[in-house]
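Reviewing the structure listed below.
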Amino acid sequence: MKNHVRVLVIGGGVVGVSTLYHLTRKGWKDVALIERTELTAGSTWHAAGLLPLFNMSYTVGQLHKYSVDLYKRLPAETGQDVSFHVSGNLRLATCRERMDEYYKYCGTANTIGVPFEVIGPKQVKELWPLLELGGSADTPAIIGALYHPDDGHIAPADLTMALRKGARAAGAEIYEHTEATAIERTASGEWQVRTSKGDITAEHLVLATGNYARQSGRLLGLNVPAIPVEHQYIVYDESPELKAYRQGGGRELAVLRESDQSYYLREERMGWILGPYEKGAPARFADGVPEWFGRSLFPGDLDRLVPHVEAATRRVPALENCGIKDIVNGPISYTPDGSPLIGPAWGLRNVWLNEGHSFGITAAGGSGWQLAEWIVEGEPGIDMLAVDPRRFGAYTSKRYVVKKNEETYRNVFTIHFPDEERPEARPAKSSPVYDKLSRRGAVWGQRYGWERANWFAPPGVECRDRWSFRRSNYFEHVGREARLMREQVGVIDLTPFTKHEVSGPGAEAWLDGLVANKVPARVGRMALSHALTRRGGIRSEFTITKIAEQHFYVVSAGAAERYDSDYLFKALPRDGSVTLRNITGSRGCFVLAGPKSREVLSQLTDTALDNASFPWLTAQTIEVGLAVDVYALRVNFVGALGWELHFPVEYAHNLFDALFEAGEDHGIGMVGMRAMESLRMEKSYRMWGTDLTPDYTPFEAGLDRFVRMNKGAFIGREALEKQLAAGVPNRFITLEVHGVTDADPLGNEPLFDAGGRMIGRATSGYYGHCLRKSLAIGYAQAQFAQPGTQLGIEILGEARQATVLRESPYDPDNLELRA
Ligand SMILES: Cc1cc2nc3c(=O)[nH]c(=O)nc-3n(C[C@H](O)[C@H](O)[C@H](O)COP(=O)(O)OP(=O)(O)OC[C@H]3O[C@@H](n4cnc5c(N)ncnc54)[C@H](O)[C@@H]3O)c2cc1C
């Protein structure tokens, strides 16, 4: 065994081996993998081998697409067959909401180039003659289906062996029966791994340990939010009906998914494999995989399987005549949102995770591809935020992860409504005024563990969402809140904001090198600033306020706490000239905005609030009511006169009551996240993580005024220079969508030119309640960005006309903000 390598991958399942393979494809040959027993001994050997292209996530969809394409070419490249059956994939729908989900997915599929067809019952029967179209109470009629002709199923062990062959041929080493038992950092900053076969030191470490993610994370002091859940499938004997169909010349049947009954069914040696996602499947190994488990499986749990077996047998009566050969019940790794953890570990340099895969056979190719890119190039080639391990934070306690993973598992096949808010492990983190907001009718959602009020039900209205792809029960209430903000005064509780304090003699110069904008030079000034990737894409968005000399208050999205904190801490200079503190938990934030906000705030403070004394885009440390040391920032995300009040959290109750008391005569009210979405869309305000991602540069995003090319060096500057020289390919646009009656754009809709060619994508959309227009924002090829340009947009399968608007259709000159 070598004693030093550039990258050491720990874990020899399909994901680890794919990572190793892709590192060699990037030209890094001094790489090795260790596996505690034998390759594929974890979950890989018993996987059912399905490769579904279907995924609602723009990122995961791209990873799956890459995998499917790679697996088709691997046999020719490596000489190892992988038994890829391109049988296609058929997802049935028996209700309108399910069809809406498929149509919503089609938007994403179109924007990433995944081929699919939406078909009717007649075509379903032609593709799958052994299926009953149904129409009774217990077997509902199929009303349509989503068909992917290009995917199917594969032999997971053969796939792993092909990747192994490719990696080895390029110089990678694989050591089986070699377990990592301890990890230490060397004085030079490398990683020394103690194994059962001796020590090995590596510049970079990749953890790809599947069900062992908890204990391998612990070797490094990481609490990895990946805990497996039991997952089982049934293997049936030969089916006479299937045999007759195939011997009669029938082609292999597509993998069938009856989503509304939560199961999949595929052919296996003239019989079947039936896999349900059942209710009640327990999480396992929260404290680590016990020594005795090894390559074993759990006993099958028939009780959990029965309802799905019965539903499948009603749909495919041929199942009735087959005996059950085997039940495979194995651990399948999960994370609280069901997506894997691919990317840097937080707090540690050169440690990478490729963990938490529940569709690991499907995702292995794509995850290895992008992780290798990230390790070798320093950043991934596509926007990986949806799978970045730092999208979770310290709140992912063991009990949180267990509850969430069990919930995610049992919801694999439920309809993924865009406004869905799942109930488990809540409330986890909440603002001090949570109870006060509940009493005001808050209907809660959750992001990054935080409870956030989505909207407020007035007295007599049920505090509950009816989730939908279309306008729903909260539509008019959200409209009322949006108008309140535009016409009177509203409060939004944005306590979850991520907040850092940067101080010390090197603070200003250090921050300036991280972001594209100029860091404010004068105390009391603020600047919207973007940290870029080296390719010039947008990685983070910070509002930087100069509180005092060499003292900056840095605010970013609530969901970016670990993502931003990790970036900032890793970038700190080593000379001690900068002090960085994450103070997210110690300050709350209320947004007070609307035309009456000045009158309300002026009752509570002696600070002059007129335009000359407290202009737009400035900040002061003031007293508000009994609260002292309140950072008042004259800025907000809704485009109204107003202040963000960032206060020491212990004043939350008093400040809240004081604002409402002072605002009573002005009609003050609470405003939720959905109204904020509507308001920001009317102002063309881009949301970090959705509209602003590493896929687009600030020039494409129309943020030119926040980029100072002449200020000196900053990360991403060279890439921007190149883009300016070559021409900016895409432009940010705001669209009015015409003819919408009940389904507004929500993001990930493709945009078309007059000839039907795809020329861009919407990244967000919502109904603008004050403008009374259905709005979308997104990116189009530069020649289609002129106001007045007519484009096509597809919403839930319906073609709509859209007009490019001048930016910020509400109050384009910001007169209300400056009022
Ligand atoms: C019943 C079932 C059916 C499934 N069907 C499908 C499917 O149809 N399609 C699909 O895409 N996915 C499916 N999956 C999921 C799929 O099996 C996993 O996502 C995938 O195998 C994960 O691969 P991995 O490499 O991350 O983990 P694993 O295959 O579990 O590999 C991790 C490896 O790390 C090794 N290891 C751990 N700790 C150490 C250490 N300290 N030192 C050295 N080595 C270590 C382990 O021994 C193990 O071999 C299924 C899962 C189950 C349970």
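The values are calculated or read from the model by the stated rules, or taken from the named source; none is laboratory data. As the structure is a computational prediction, the values presented were derived from the model and not from experiment. So basically every Cβ, Gly included, is an ideal-geometry build from the backbone, and we count neighbours across all protein chains shown. To get the accessible areas, we keep the full protein, side chains included, count just its heavy atoms, and leave off ligands, DNA and RNA. Shrake-Rupley method; radii C 1.70, N 1.55, O 1.52, S 1.80 Å.
A few remarks follow.
- Taking residues in segment 249-271 that are of a type in the set (Ser, Thr, Tyr) and within 14 Å of the ligand (Cβ to nearest atom), and partners anywhere that are assigned to a helix (DSSP H, G or I) and open to solvent by 10 Å² or more (accessible area, probe 1.4 Å), the pairs with Cβ atoms closer than 9 Å and at least 6 places apart or on different chains are Tyr263/His308; Tyr263/Val309.
- Scope segment 376-401; condition of a type in the set (Val, Ile, Thr) and open to solvent by less than 10 Å² (accessible area, probe 1.4 Å); matching residues: Val387, Thr396, Val401
- Residue list for segment 226-261, restricted to those being among the acidic types (Asp, Glu), over 22 Å from Gly88 (Cβ atoms) and in a strand (DSSP E or B): Glu230
- The sole residue among Ala372, Ala318, Ala363 that is in contact (Cβ under 8 Å) with a residue 40 or more places away in the chain, touching a Lys or Arg at 6+ places or on another chain (Cβ under 9 Å) and not in a strand (DSSP E or B) is Ala372.
- Members of segment 725-746 that are without any contact (Cβ under 8 Å) to a residue 60 or more places away in the chain and at positive phi: Gly727
- For segment 162-174, the candidate set comprises residues that are open to solvent by 30 Å² or more (accessible area, probe 1.4 Å), touching a residue at least 40 places away in the same chain (Cβ under 8 Å) and closer than 19 Å to Gly11 by Cβ; within that set, the residue that is farthest from the ligand (Cβ to nearest atom) is Lys165.
- Among the numbered conditions (1) over 25 Å from Ala286 (Cα atoms); (2) β-branched (Val, Ile, Thr); (3) within 14 Å of the ligand (Cβ to nearest atom), the only one that Val309 does not meet is (3).
- For segment 67-86, filtering for residues that are of a type in the set (S, T, N, Q) and either assigned to a helix (DSSP H, G or I) or near the ligand (Cβ under 8 Å from one of its atoms) (or both) leaves 2.
- Restricting attention to segment 33-52, the residues that are part of a strand (DSSP E or B) and over 19 Å from Ala162 (Cβ atoms) total 1.
- Which numbered condition Arg390 misses (of (1) without any contact (Cβ under 8 Å) to a residue 24 or more places away in the chain; (2) within 30 Å of His646 (Cα to Cα)): (1)
- Scan segment 215-234 for residues that are more than 9 Å from the ligand (Cβ to nearest atom) and either farther than 17 Å from Gly330 by Cα or open to solvent by 20 Å² or more (accessible area, probe 1.4 Å) (or both) and the total you get is 8.
- Failed item in (1) in contact (Cβ under 8 Å) with a residue 40 or more places away in the chain; (2) closer than 24 Å to Ala713 by Cβ, with Gly524 passing the rest: (2)
- Answer residue from segment 55-66, given it is open to solvent by less than 30 Å² (accessible area, probe 1.4 Å) and within 12 Å of the ligand (Cβ to nearest atom) and is nearest to Ile361 (Cα to Cα) among those: His64
- Search result, residues across segment 660-678 that are closer than 28 Å to Arg525 by Cβ and touching a Leu at 6+ places or on another chain (Cβ under 6 Å): Ala662
- Residue match in segment 377-398 (condition: more than 16 Å from the ligand (Cβ to nearest atom), assigned to a loop (DSSP other than H, G, I, E, B) and on the phi > 0 side of the Ramachandran plot): yes
- Condition check for Asp337 on (1) more than 16 Å from the chain's Cα centre (by Cα); (2) within 16 Å of the ligand (Cβ to nearest atom); (3) under 30 Å from Gly537 (Cα atoms): one failure, at (1).
- Hits in segment 3-54 (condition: open to solvent by 10 Å² or more (accessible area, probe 1.4 Å) and away from the ligand (no atom under 15 Å from the Cβ)): Asn3, His4, Arg6, Arg25, Lys26, Gly27, Trp28, Lys29, Asp30
- For Tyr212, the requirement of being of a type in the set (Ser, Thr, Tyr) and surrounded by fewer than 23 Cβ atoms within 10 Å (Cβ to Cβ) is not met.
- Condition met for Tyr245 (touching a residue at least 12 places away in the same chain (Cβ under 8 Å), surrounded by fewer than 22 Cβ atoms within 10 Å (Cβ to Cβ) and away from the ligand (no atom under 13 Å from the Cβ)): yes
- The number of residues in segment 402-437 being open to solvent by 20 Å² or more (accessible area, probe 1.4 Å), of a type in the set (Phe, Trp, Tyr) and in contact (Cβ under 8 Å) with a residue 60 or more places away in the chain comes to 1.
- Residues that are in a helix (DSSP H, G or I) and open to solvent by 20 Å² or more (accessible area, probe 1.4 Å) were ranked within segment 111-124; the one that is nearest to Ile143 (Cα to Cα) is Pro121.
- Hey, Trp28 in a loop (DSSP other than H, G, I, E, B) and at negative phi or not: yes
- Breaking point among (1) in a helix (DSSP H, G or I); (2) without any contact (Cβ under 8 Å) to a residue 40 or more places away in the chain, for Leu609: (1)
- Note on segment 183-204: residues that are open to solvent by less than 60 Å² (accessible area, probe 1.4 Å) and within 10 Å of the ligand (Cβ to nearest atom) amount to 3.
- The set of residues from segment 52-88 being within 25 Å of Ile342 (Cα to Cα) and among the small types (Gly, Ala, Ser) comprises Ser57, Gly61, Ser67.
- Residue count for segment 661-683 satisfying the condition of being among the small types (Gly, Ala, Ser) and surrounded by fewer than 23 Cβ atoms within 10 Å (Cβ to Cβ): 3.
- Close pairs from segment 438-455: first touching a residue at least 40 places away in the same chain (Cβ under 8 Å) and open to solvent by 20 Å² or more (accessible area, probe 1.4 Å), partner among the hydroxyl-bearing types (Ser, Thr, Tyr) and not in a strand (DSSP E or B), Cβ under 8 Å, at least 6 apart: Trp450/Ser430; Trp450/Ser431; Trp450/Thr495
- Sub-6 Å Cβ pairs linking a first residue in segment 710-724 that is over 15 Å from Gly378 (Cα atoms) to a second residue that is among the basic types (Lys, Arg), at least 6 apart or interchain, are Lys711/Lys518, ordered by first then second residue.
- Residue match in segment 588-603 (condition: open to solvent by 40 Å² or more (accessible area, probe 1.4 Å), under 17 Å from Thr495 (Cα atoms) and in contact with a Pro (Cβ under 9 Å, 6 or more places away or on another chain)): no
- When we screen Leu207, Leu159 for residues that are under 25 Å from Arg269 (Cα atoms), at pLDDT 95 or above, within 16 Å of the ligand (Cβ to nearest atom) and open to solvent by less than 20 Å² (accessible area, probe 1.4 Å), the only hit is Leu159.
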